[in-house]
């Protein structure tokens with residue numbers, strides 16, 4: 001499967017996450033698919049680089065194998081591309097949401113389980129430092145038992161949520177949140193990233209990935225074109 005197909009798979013996974021949100025079982029399934037496609041996209045960049053630099057790596061490609069072969073062949077242009085990619089990758093993941101996706105990808109590479117998903121309520125229109133509030137509901141095999149049960153629990157916890165968030169909003173002269181201005185979504189914590197909304201993080205990551213692909217191809221062309 002080529003890079004464009006992997007990115008399309010990411011886009012499909014985002015749509016499915018949004019469709020099934022906030023059911024942890026299905027969100028987890030499609031988010032895992034999203035992360036796998038992200039990793040495959042970056043492997044695809046190095047598959048193209050392997051071909052264009054003529055390194056002839058025959059086994060499944062990875063960033064590490066590309067670097068190892070480039071050093072063995074003393075291919076300075078391939079080494080330059082590897083170094084450029086690392087710097088560009090770190091730059092693109094400097095902001096919290098892309099960095100969150102990066103941490104999840106690293107978790108998967110290490111064969112570790114993605115942290116447990118939690119269901120939370122948040123304001124539909126968000127302001128800086130808004131709170132989210134976790135909703136505790138009984139699950140059956142990690143699935144929501146019913147939407148009605150979730151709705152009952154949201155209504156039960158909503159007054160406390162609105163009191164806290166509107167106290168903060170009032171102090172900062174921000175618009176008040178009404179009971180019809182909340183969303184129920186799935187969130188994750190990993191390392192220092194707390195209360196990251198899965199669907200939002202995945203959606204805004206796709207342009208990051210596209211930039212890395214496009215700029216990597218430009219850099220490969222630059223380094224493999226005879227001057």
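Residue 30 - would you say it is assigned to a helix (DSSP H, G or I), buried (at least 19 other Cβ atoms within 10 Å of the Cβ) and modelled with pLDDT under 95?
When the stated conditions are applied, residue 30 does not pass them.
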Inset, instruction - Being free of Cβ contacts under 8 Å to residues at least 40 places away in the same chain, part of a loop (DSSP other than H, G, I, E, B) and either more than 26 Å from the chain's Cα centre (by Cα) or on the phi > 0 side of the Ramachandran plot (or both) is the filter here, so list the residues in segment 162-193 that pass it. - result: 173, 176, 178, 179, 180
Legend entry - Verdict on residue 90 being more than 25 Å from residue 18 (Cα to Cα), at pLDDT below 95 and surrounded by fewer than 12 Cβ atoms within 10 Å (Cβ to Cβ): no
Legend entry - Residues (farther than 27 Å from residue 104 by Cα and either in contact with a helix residue (DSSP H, G or I) (Cβ under 8 Å, 6 or more places away or on another chain) or in a loop (DSSP other than H, G, I, E, B) (or both)) located in segment 33-53: 52, 53
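Yes or no, residue by residue, for (1) touching a helix residue (DSSP H, G or I) at 6+ places or on another chain (Cβ under 6 Å); (2) surrounded by fewer than 15 Cβ atoms within 10 Å (Cβ to Cβ); (3) at pLDDT 95 or above:
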site: 163; (1), (2), (3): no, yes, yes
site: 190; (1), (2), (3): yes, no, no
site: 198; (1), (2), (3): yes, no, yes
site: 201; (1), (2), (3): yes, no, yes
site: 207; (1), (2), (3): no, yes, yes
site: 211; (1), (2), (3): no, yes, yes
site: 227; (1), (2), (3): no, yes, no
Legend entry - Candidates 100, 66 - the one that is touching a residue at least 60 places away in the same chain (Cβ under 8 Å), crowded, with 19+ Cβ neighbours inside 10 Å and in the same structural domain as residue 208 (by TED's automatic domain parsing): 100
Legend entry - Among residues of segment 119-133, those that are surrounded by fewer than 13 Cβ atoms within 10 Å (Cβ to Cβ) and touching a residue at least 12 places away in the same chain (Cβ under 8 Å), counted: 3
Inset, instruction - Within segment 194-217, identify whether any single residue is outside any strand (DSSP E or B), under 30 Å from residue 80 (Cβ atoms) and without any contact (Cβ under 8 Å) to a residue 12 or more places away in the chain, and answer yes or no. - result: yes
Inset, instruction - Evaluate segment 54-63: report whether one residue or more is exposed (fewer than 15 other Cβ atoms within 10 Å of the Cβ) and assigned to a helix (DSSP H, G or I). - result: no
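Rundown of residues vs (1) more than 20 Å from residue 114 (Cα to Cα); (2) over 19 Å from the mean Cα position of the chain (by Cα), yes/no style:
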{"residue": "19", "(1), (2)": "yes, no"}
{"residue": "38", "(1), (2)": "no, no"}
{"residue": "48", "(1), (2)": "yes, yes"}
{"residue": "55", "(1), (2)": "yes, yes"}
{"residue": "88", "(1), (2)": "yes, no"}
Inset, instruction - Go through segment 136-161 residue by residue and tally those that are on the phi < 0 side of the Ramachandran plot, assigned to a loop (DSSP other than H, G, I, E, B) and out of contact with any helix residue (DSSP H, G or I) (no Cβ under 6 Å at 6 or more places or on another chain). - result: 4
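The values are calculated or read from the model by the stated rules, or taken from the named source; none is laboratory data. This one's a predicted model, so the numbers in the text were calculated from it and none came from an experiment. All Cβ positions, even for glycine, are placed from backbone atoms using ideal geometry, and neighbour counts span all protein chains on display.
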